[in-house]
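Worksheet: the structure to be examined is printed underneath.
The values are calculated or read from the model by the stated rules, or taken from the named source; none is laboratory data. What you see is a predicted model, and the numbers here were worked out from it, not measured in a lab. So basically every Cβ, Gly included, is an ideal-geometry build from the backbone, and we count neighbours across all protein chains shown.
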């Protein structure tokens, strides 16, 4: 009979409660009183380590209570009546025998389950976990699909070794060292999840050797800028408007594509990036430059009644798919090794070149928390807007007037 086991440590700070011990029978188990709240344990006088647990919902489960390595632990064997009393007693005696030999039956069952469970079987559970905690879960999903699953997805959890994980990281790193490091971090977090949820005993991806990373400093030069802006304009709607807004605000692309009209105050020229979108998870007000305001006015005429400033041409969400449009623009402009985020870095660098102080750059680009951002917008908001305006003008020249 297959017995599903789970483990819960007994609270150490609680005083022991006198156990109710009787000679269990299946009839007696079926007629046990249901507690009004919590759970009740009735121990078997025939097999001292065996108890029946009764919940307030009426569920009855067989449990073994035994000290393992000095710590009292409860091992759930299965539910009554699916698991018969005789089978539960036999299993309880077997577990007591394993413990007497110095074995940890919980660890043994975990290892046995790990030998049957493939890594790919666990991924949907971890992805659900990611979606609740990580706004960039789609990137991790892409790394899983492209790199991890093809390499070790079909291997059993217990069979995956540190060597398997390191080999995968090294292979990716020959061409893409930073991507390899991100895959290493994802695998480590994934296996930590497996350990925390009692599916695995040891994390095989812990402490993998990673590649050295150099902080990226790529910015647009004057020759590239002219070609890039020409290529952006040729791209046309709706992509041209989005990329222009990236230049006019210096904001992150995720924030720009998710711009909502309810977050924009055209009267005060302030765009407040909501906490659920902002990288620092804090609502962040940004000053809007004149070119940005003009672009927004045109978008408002085109998308009256829409929730999003840049609505998707299909569906009800906002525009997505910038990487494909960006690739077309770069090919058209003949520019290589330029990422969308490099626009933001270029705007910040241009602000510094115009003489803007670090705190004005932080305010203009939204690097601060809500408390700091409000203070800067109130005390130095116009200076920050002017610094951002000067930077935008230096980057876009007269083109901003033709958007």
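Cβ-Cβ contacts under 8 Å between residues 6 or more apart (or on different chains), taken from a first residue in the stretch 268-294 that is closer than 15 Å to residue 258 by Cβ and not assigned by TED's automatic domain parsing to the domain that holds residue 243 to a second residue that is assigned to a loop (DSSP other than H, G, I, E, B) and modelled with pLDDT of 90 or more, are absent. How about the stretch 307-319: which of its residues are surrounded by fewer than 16 Cβ atoms within 10 Å (Cβ to Cβ) and either in contact (Cβ under 8 Å) with a residue 24 or more places away in the chain or not assigned by TED's automatic domain parsing to the domain that holds residue 347 (or both)? Once the filter is applied, which keeps residues that are surrounded by fewer than 16 Cβ atoms within 10 Å (Cβ to Cβ) and either in contact (Cβ under 8 Å) with a residue 24 or more places away in the chain or not assigned by TED's automatic domain parsing to the domain that holds residue 347 (or both), the stretch 307-319 yields 307, 313. All of (1) surrounded by 18 or more Cβ atoms within 10 Å (Cβ to Cβ); (2) assigned to a strand (DSSP E or B); (3) modelled with pLDDT under 75 hold for residue 63 with one exception: (3). Among the residues of the stretch 193-223, the ones that are touching a residue at least 24 places away in the same chain (Cβ under 8 Å) and at positive phi come to 1 in all. Restricting the first member to the stretch 156-169 and to residues that are at positive phi, and the second to residues that are surrounded by fewer than 21 Cβ atoms within 10 Å (Cβ to Cβ), no beta-carbon pair is closer than 6 Å while six or more apart or on different chains.
Conditions (1) under 24 Å from residue 330 (Cα atoms); (2) touching a strand residue (DSSP E or B) at 6+ places or on another chain (Cβ under 8 Å), marked per residue:
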position	(1), (2)
273	no, yes
276	no, no
284	no, yes
291	yes, no
310	yes, yes
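The number of residues in the stretch 66-90 that are over 16 Å from residue 41 (Cα atoms) and either out of contact with any strand residue (DSSP E or B) (no Cβ under 8 Å at 6 or more places or on another chain) or modelled with pLDDT of 80 or more (or both) comes to 10. In the set (1) in a helix (DSSP H, G or I); (2) surrounded by fewer than 19 Cβ atoms within 10 Å (Cβ to Cβ); (3) within 26 Å of the chain's Cα centre (by Cα), residue 332 fails one condition alone, (3). Against the list (1) farther than 30 Å from residue 179 by Cα; (2) crowded, with 19+ Cβ neighbours inside 10 Å; (3) at pLDDT 85 or above, the condition residue 95 fails is (3).
One residue stands out in the stretch 134-148 among those that are surrounded by 12 or more Cβ atoms within 10 Å (Cβ to Cβ) and within 14 Å of residue 185 (Cβ to Cβ): the one that is modelled with the lowest pLDDT, namely 134. Restricted to the stretch 190-204, and to residues there that are under 13 Å from residue 119 (Cα atoms) and modelled with pLDDT of 85 or more, the residue that is farthest from the chain's Cα centre (by Cα) is 204.
In the stretch 36-49, the residues that are under 13 Å from residue 90 (Cα atoms) form Cβ pairs under 6 Å with partners that are modelled with pLDDT of 90 or more and outside any loop (DSSP other than H, G, I, E, B), at six or more places apart or across chains, as follows: 44/50; 47/89. Against the conditions (1) more than 22 Å from residue 395 (Cβ to Cβ); (2) in a helix (DSSP H, G or I); (3) out of contact with any helix residue (DSSP H, G or I) (no Cβ under 9 Å at 6 or more places or on another chain); (4) touching a residue at least 24 places away in the same chain (Cβ under 8 Å), residue 300 satisfies every one except (3).
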